[in-house]
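Below: one structure, written as structure tokens.
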Amino acid sequence: MTAAAPAPRRVGVLASGSGTNLQALIDAGARGELGPARLVVVGANVAGCGALGRARAAGLDTFVIEHRAFPSREAFDEAMVAALRARQVELVVLAGFMRILTPGFLAAFPDRVVNIHPSLLPAFPGVHSQAQAFRHGVKLAGCTVHLVDTGVDSGPILAQAAVPVLNDDDEETLRLRILAEEHELLPSVVRAFAEGRVSVDPAHRRALIRA
């Protein structure tokens, strides 16, 4: 493993929806649980999404760049990169951001874009992961924080949390229990980045968080 330096501390969050994982980061920061990490901006591609309201209530800088206004994914991502760089963002966190990023975006923040996904990857990538897990009858579900690459939920895994599937679960109860674990796992990974405890092996595309 090769340690990445310097440790990224200025965090930008991208979201498209209600922003519950963003709220978990905001709350963790208020409790002093993000270490030296600092949330500096929240960006969205959907005007009026719940994440923007949460960010503004917390006094965070926000911006909206609607993807439909651009002729290509590349042009949209260039605008997003410019907005993040203008705020000196070092680590990008996708918290319900419903866009697949282009190689150009990822090159702007190499091994500095993370995503939270509601399954134990590589199982059940893509959308409706909790429903997929429930329908397949698995006995263990969970969530994953991973580095983002050009695939769909295919980047190196940083951390995971397991959730047993109970006999009386339905899709909604399972979803909520997984979500509770997401709210614990994501802030812990952001803190690990800011404390310089994340290493990436570029040859084998593996990631490690040191204790």
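Please work out which residue is farthest from residue 111 (Cα to Cα), limiting yourself to the range 152-166 and to residues that are assigned to a loop (DSSP other than H, G, I, E, B) and in contact (Cβ under 8 Å) with a residue 12 or more places away in the chain. Among residues in the range 152-166 that are assigned to a loop (DSSP other than H, G, I, E, B) and in contact (Cβ under 8 Å) with a residue 12 or more places away in the chain, the one farthest from residue 111 (Cα to Cα) is 165.
Summed over the range 30-55, residues that are in contact with a strand residue (DSSP E or B) (Cβ under 6 Å, 6 or more places away or on another chain), without any contact (Cβ under 8 Å) to a residue 60 or more places away in the chain and either acidic (Asp, Glu) or not in a strand (DSSP E or B) (or both) total 4. Which of the following residues is among the hydroxyl-bearing types (Ser, Thr, Tyr) and in a loop (DSSP other than H, G, I, E, B): 199, 119, 188? 119 is the lone residue from the list that is among the hydroxyl-bearing types (Ser, Thr, Tyr) and in a loop (DSSP other than H, G, I, E, B). Considering the conditions (1) under 22 Å from residue 148 (Cα atoms); (2) out of contact with any Gly (no Cβ under 7 Å at 6 or more places or on another chain); (3) modelled with pLDDT of 95 or more, residue 33 is excluded by exactly one of them, (1). Pairing each residue of the range 170-190 that is closer than 19 Å to residue 28 by Cα with any residue that is modelled with pLDDT under 95 and among the acidic types (Asp, Glu), provided the two are 6+ apart or on different chains, yields C-beta distances under 9 Å for 177/169. Could you please let me know if residue 76 is among the aromatic types (Phe, Trp, Tyr), at pLDDT 95 or above and part of a helix (DSSP H, G or I)? So residue 76 fits the description; yes.
Take residue 133 and tell me if it is buried (at least 21 other Cβ atoms within 10 Å of the Cβ), aliphatic (A, V, I, L, M) and at pLDDT below 95. Here the answer is yes, as residue 133 does meet what is asked.
The values are calculated or read from the model by the stated rules, or taken from the named source; none is laboratory data. In this text the structure is predicted, and so the values were computed from the model without any measurement. All Cβ positions, even for glycine, are placed from backbone atoms using ideal geometry, and neighbour counts span all protein chains on display.
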